[in-house]
Structure formats: C-alpha cells, structure tokens
Amino acid sequence: MINDIKNSFSKILNERITSPFYGTLFISWLIWNWKVIYLTLFIDEKTIEKDKISYIIENFSDLNYLITYPLVSTVILILIAPFASNGAYWISLRFNQWKINKRNEVQKKELLTLEQSINLREQIKSQEKRFEELLEDKNLRIKQLETEIEFLKKSENVSEEQGIDNSQKEVEQIKNKEVNSIAMLINDNEELTKTFDTLSTMALHKYTLKNLNESSKPKNKSMNFFLANRIVEQDINGRFSFTDYGKEIAKNILNNKL
C-alpha cells in the first residue's frame, strides 16, 4: 500500500513538473519572489532582527507577489509564447529564403574561368574559320559554273537551253550543299542551336528582343551570324523573320530533328 501511495505521489509530481502551466507558474513565482529564496538560502539569521520565518511573513507576505502576479504572468507567457515562437520561426524561414535567392543571383552572375573563356573563344574561332572556308568554296564554285554557262552558250554542240538547264541544276546542287553545311554548322554548335530556336519563336509570335527576358536573349555573336549570312532579317519595328534562304536552312534543320 505504501508503494502504491509513493507511485501515485510520484505520478502526480511528474505531471505537475512536466505540465507547461505548472512549470511556467513555478518559474514566474521564483521571479516575483526571488528575495524570499535568497533570504532563506543565503542570508544568516544573525544579520536580521527576527528569525527568518517571522521576517519573511512580515516583509514578503504580499498576496499580489505570492499569487496574483505569478498567475497573471503565467497566463501571459502561455498565451504569448506560441505566437513569439511561430513569429521567430517565420522570420527564420524568410531569412533562409532570402539567402537562397541571393546565392542564386550570385551564381547566375558568376564569371567563366579563364580556361573556360579560352576554350569558348577557340571554339567560336574554329566555327567561324570553317564557315569562311565554306563560303569561299561556294563562291569559287559559283564562278566556275558561271564560266561554264558562258562557254555552253557559245558552244555549237550543246544547245543554249540544255546548257543553262544543266548549269542551273549544278547551281541548285551547290546551293543545297551550302544549306546542308550551314544547317550542320548550326546543329553542331550549342549556342547557334539555342539562338536558332529563339529566333524561330520570335518569328512565329512576331516578338522583338524587348519581349524576351534578359536570360533568354541570344548573344550578340550568334545574332550577327544569322544576320550576316542573310538567314534572318529585321524590320523597322525590330521584329525578326526568316529570309527565303533562311527558310531553306530552317527546313533542313527541322527535318534532321524529326
């Protein structure tokens, strides 16, 4: 029976200690009545006129300090603490989100390393050199065909109509070869492919560069490539469209993707 009483007392004491209300009330009472604790534990009875109990009853028995103030402060703490905790948690979440946003902004503006810049520059130079060689080869071949056309016109053994027709076929073949070469050049270069897709969207929806986000705008070198080679043209309103030559190249690129 004694064990049951002890267990029951221990259970009640544990509930009181772990209860938010009783725990807060105990702390509040200590704050309001710390002088009683200090006097009881640390002050020698010889230094006061009376015994400690009489002195405490006489000087520290105000019911407001013993009951009212601890109860009121307990209720206030229990009601305010959850809001303060949630507010602090909300501020912490906002601060973490702000740090993530700032980190993303810095990473977007991060410059390429020297090695990456050199590799990119070399790749662009290589592509430009290859394209120049293709253009030179094309111009040389066209001149040869023009010479042949003139020769065929003067030839007595080949009719003028047949000569022109054959030459036109060769010119068409050269043009197709050039279209295939440029389409292959665009497909092999990631930046040119990205710019081609952007220009296709702009031409379809009649967008201008002002309609694009800063991160979506193509680089100047890529844009100059398409303009210089008469693949696209720009009107006075800033809208882009494919030329007839550009449409042939676009058709070739799209057919290769299917």
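Can you list which of the GluC sites (Glu not before Pro) found in the stretch 23-64 are DSSP loop residues with at most 14 other C-beta atoms within 10 Å? Don't skip to the end; give the middle numbers.
Values: sites: GLU45, GLU49, GLU58; in loops: GLU49.
In loop regions of the stretch 23-64 (DSSP not H, G, I, E or B), the sparsely surrounded GluC sites (Glu not before Pro) are GLU49.
Just list whichever of LYS129/LYS221; LYS102/LYS221; LYS138/LYS206; LYS177/LYS251 have alpha carbons separated by over 22 Å in the model shown. Violating the 22 Å limit, Cα to Cα: LYS102/LYS221; LYS138/LYS206. A DSSP coil position with no more than 14 other Cβ atoms inside 10 Å describes the following chymotrypsin sites (Phe, Trp or Tyr not before Pro) in the stretch 51-135: PHE60. Ranked from largest, the principal axis spans of the Cα set of the stretch 114-257 equal 63, 38, 29 Å.
Put a dot 7 Å past the Cα of ILE78, heading toward its Cβ, do the same for THR201, and the two dots end up 5.9 nm apart. Applying 0.36 nm per residue to the separation of LEU254 and ARG94 and subtracting their alpha-carbon distance, the gain on full extension is 53.0 nm. The distance from the alpha carbon centre of the stretch 186-258 to that of the stretch 33-47 is 88 Å, rounded to a whole number.
Read-outs throughout are calculated quantities, based only on the coordinates presented, and are distinct from any laboratory measurement. In this text, all values refer to a predicted model and were calculated from it rather than measured experimentally. Backbone-built Cβ (ideal geometry, glycine too); neighbour counts: all protein chains shown.
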